[in-house]
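Only one structure is covered here, and it is reproduced in the block below.
Each value in this text was obtained by applying a stated rule to the coordinates, not by laboratory testing. No experiment lies behind these values; they were computed from the predicted model shown. Quick reminder, even Gly has a Cβ in these numbers, built from the backbone with ideal geometry, and neighbours come from all protein chains shown.
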Amino acid sequence: MFNLFQTYTFDLLSIVFYCLLIFIPLLLGVVLALYADRKIWAAVQKRKGPNVVGPFGLLQVPADGLKFIFKEIILPDGSDKTVFLVAPIITLALSIAAWAVVPVQAGVVLANINVGILYIFAISSLGVYGILMAGWSSNSKYPFFGALRSAAQMVSYEVSIGFVIVTVLMCVGSLNLTEIVMAQKNIWFFIPLFPMFIVFFISALAETNRPPFDLPEAESELVAGYQTEYSGMPFVLFMFGEYINILLMCAMTTILFLGGWLPPVDIFPLNELPGFVWFLLKVTLVFYMFAMVKAFVPRYRYDQLMRLGWKVFLPLSLLAVIMTSSVLFFFNLAPGM
Amino acid sequence: MTISLLTFYLFSAVILLSSLMVISAKNPVHSVLFLILSFLNAAGIFVILHAEFLAMILIIVYVGAVAVLFLFVVMMLDIKSSISKENILQYMPIGLLVGLVFIAELVIVLINTKLDLTSIQILSNPMSNFVGQSNTEAIGSVLYTNYILYFQLSGIILLVAMIGSIVLTLREREGVKRQIISEQLDRRGKIDLVDVKSGEGIDV
């Protein structure tokens, strides 16, 4: 046992170090994303947004975070207390776990596993449990309705996300995220697969419960949905989990359709920049689109949301799977043919 | 004692404990949550066996879809009435029977390998023909070349089951108002562009 410990101490320490290397930039990213979200929203509505705390209001989000940390954690009397407290932890842990396989540059990735895309898909399909557990354990009507809505919505849109991923995978011939990026060396996939890019973007909005699909936490109907009974630190965990998921979806869009860390054109001044700079720029661009959609699209009605998922996106993405595979087969373009 | 053995014991211990909690937890929602935990750890054991594709599919299909439906149904139950104080031992005979059948099957498998540990290795790792292929490729090539007929057949069975369940639950009800999007958006024959002369007005 001691021998084993000795053998693996270095590995263990290096893994912990790499985890911190992912976690700390991610926290910083969430803080900046929250700030950017509020600033863009404000700019669209001709407001100033956060501008008081710190330079340009940059310290507003850390200040909010500190406030939440020092607040009391209120446990509702009738709640199932264990599940109530475990739910936000699961949400945050799962959203961070998915980042283990995201490559930010050629070779810069914690776990370069060869089922990377399936891993992300699996982890994001687990995300629904945090919400379901929160809604049920609160023992209150609004959280419960919010959780049911959220679960139904996430399961529905996961189906079309799955088919979109299949179309991309057929063009790549591998489930490894690094190879998916390298396959876009000649042309980024958002050009040949443009309709699927749109379907993926909209499904990503629905998957992360962003407006216009934020029915689970629609203030006008459900107070704050599954988060209603949460306060203090557990609420912060939910908030962080949600934003890390949003950043993950931005990173997924970048990797699947926008060529990951590759520069737009492989010429001198552009390809001198390190890959992760391009990756960050593209993630920021996709997040900007997320924020703009939040600012100017009104909320969907729930039955129309379901109609969009099952009656529009599912047939469309199924058709795209058949079309893409036919084109790849009959023009001998499929990888490995 | 290698690290994979250690993780194997960890995962299987959690599986056993959480399966025990599935049948002993008073609250049905807790039971489903423990069931999900044991699914997840089973996926972990698949990863140790280098079957990462199966592990991911297990999580996506069972944990991400099937168990969500379970949880949905169980959450809707009125839990206070379903926690019964009846004798939990009343299902003991059936449970024992199922357990015995399962143990008997395991024993038969073990006797067939004559307790030779090397052949157990082969039983649990029969992919030696596919060295150098990722197991996604291996499963794909076996499933879609050798077993394409069975694959299509199971697809048809699922299709029949799907159609059957839709037919069984479809009810035609009178007086239901449905939203027809195409009709709602259609403007042909419903709006007129009329030039109205100033000061005259128009009858609509």
Practice problem: Let me know the whole percent of all Cα-Cα pairs from segment B:1-80 that are separated by more than 17 Å. | Solution: 51 percent
Exercise. Identify the trypsin sites (Lys or Arg not before Pro) of segment A:1-91 meeting these criteria: DSSP loop state and at most 15 other C-beta atoms within 10 Å of the C-beta.
Key: A:Lys46, A:Arg47, A:Lys48, A:Lys71
Quiz item: Over what distance in Å are the Cα centres of segment A:245-324 and segment A:56-135 separated?
Solution: 21 Å
Quiz item: R0 = 25 Å: FRET efficiency of B:Val160 with A:Phe331, Cβ-based, nearest 0.05?
Solution: 0.10
Quiz prompt | For residues of B:33-39, the mean tally of beta carbons on other chains within 10 Å | solution = 1
Exercise. Work out the mean other chain Cβ neighbour count within 10 Å for the residues of A:106-118 and drop it here as an integer.
Key: 2
Practice problem: Can you give me the span-like helices of chain A, meaning DSSP H runs with 20 Å or more of Cα extent along the axis and Kyte-Doolittle mean at or above -1.0? | Solution: A:2-44, A:81-97, A:116-137, A:141-172, A:232-257, A:275-296, A:314-330
Practice problem: Answer rounded, prolate or oblate for the protein assembly as shown, using the Cα gyration tensor with square roots of eigenvalues a ≥ b ≥ c: rounded when a/c is under 1.5, else prolate when a/b is larger than b/c, else oblate. | Solution: rounded
Quiz item: What are the principal axis extents of the Cα atoms in segment A:139-217, in Å, biggest first?
Solution: 53, 21, 16
Self-check item: For A:Glu72, B:Glu174, order by how many other beta-carbon atoms lie within 10 Å, fewest first
Solution: B:Glu174, A:Glu72
Quiz prompt | Overall form of segment A:226-337 per C-alpha gyration tensor (a/c, 1.5; a/b vs b/c) | solution = oblate
Self-check item: Theoretical gain in end-to-end length, A:Ile198 to A:Arg307 [0.36 nm per residue, Cα-Cα removed]
Solution: 37.6 nm
Exercise. Let me know the Kirkwood hydrodynamic radius for segment A:76-330, please, with Cα pairs as the basis and the value in Å to one decimal.
Key: 18.9 Å
Self-check item: Subset of A:Lys39/A:Lys294; A:Lys46/A:Lys294; A:Lys141/B:Lys177; A:Lys81/A:Lys141 violating a 20 Å alpha-carbon distance limit
Solution: A:Lys141/B:Lys177
